[in-house]
């Protein structure tokens, strides 16, 4: 690649395509182009900056510093798209668990095994609290 030529976009042909942030120093354990692409993929899957950074062996603060570097606009845009997709994905998983339930296996005294299942009521209650807040706010304005 010639000096001054922008690097080719990573994750081309996807909605997460971006131009990697160029590094001031070339470090094997730093934010290489591959590490950036893997972070964006992890962000899409997990919906969490901290978890995605950990998945690629980096820190959350380091990820935010990379996002703030000059020339990181394309990376930041991919980040925003990926985190939105990741949170939507995680919400879908949570709703599946709330509706279809979870299986709980317990080993009882004497070695007996108890298998039970049902909706994850913590998620159901959380969803109801989330829905109740806008309803209450709407009632208060009427």
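The numbers here are math on the coordinates, done by the rules we state, and not lab data. Only a predicted model underlies this, so the values are computations on that prediction, with no experimental measurement involved. Here the Cβ positions follow ideal geometry from the backbone for every residue, glycine too, while neighbour counts run over all protein chains shown.
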All positions within segment 70-101 that are surrounded by 14 or more Cβ atoms within 10 Å (Cβ to Cβ) and outside any helix (DSSP H, G or I) | 72, 101
Using the structure shown, decide if residue 53 is assigned to a helix (DSSP H, G or I) and closer than 30 Å to residue 126 by Cβ.
-> yes
When residue 41 is evaluated against the numbered criteria (1) surrounded by fewer than 16 Cβ atoms within 10 Å (Cβ to Cβ); (2) part of a helix (DSSP H, G or I), which criterion, by number, is the only one it fails?
-> (1)
